[in-house]
1. For the range 30-55, which residues satisfy the criterion of being modelled with pLDDT under 75 and open to solvent by less than 80 Å² (accessible area, probe 1.4 Å)?
Amino acid sequence: MINEADKLLLPDELEDCKKELIRTYISLEELNKISVDKSKDYVVENRAEHVIASAINLLEQIDRNYTPEE
């Protein structure tokens with residue numbers, strides 16, 4: 001069954017978005033597995049870098065897949 005959100009993207013675009021979300025999820029899971037031996041500063045910095053990279057990637061995907069009117 002197709003939900004309302006799936007109707008907004010073409011099948012290939014939707015698949016690309018799903019793949020990117022899976023990659024982001026895996027990256028976030030890896031961050032959660034960082035050894036407790038690492039300093040708190042390192043963990044925070046590393047997570048911040050990944051959040052920023054993911055946000056940039058999301059904005060680029062939105063820019064590629066949507067017009068300003070959408």
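The values are calculated or read from the model by the stated rules, or taken from the named source; none is laboratory data. The structure displayed is predicted, hence computed values, not measured ones. Please note that ligands, DNA and RNA were not included when accessible areas were found on the heavy atoms of the full protein model with its side chains. Shrake-Rupley method; radii C 1.70, N 1.55, O 1.52, S 1.80 Å.
1. Across the range 30-55, the qualifying residues are Leu31, Ile34, Ser35, Ser39.
Condition check ((1) at pLDDT 85 or above; (2) open to solvent by 100 Å² or more (accessible area, probe 1.4 Å)) across all residues:
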site: Ile2; (1), (2): no, yes
site: Leu21; (1), (2): no, yes
site: Leu28; (1), (2): no, no
site: Asn57; (1), (2): yes, no
site: Gln61; (1), (2): yes, no
site: Arg64; (1), (2): yes, yes
site: Pro68; (1), (2): no, yes
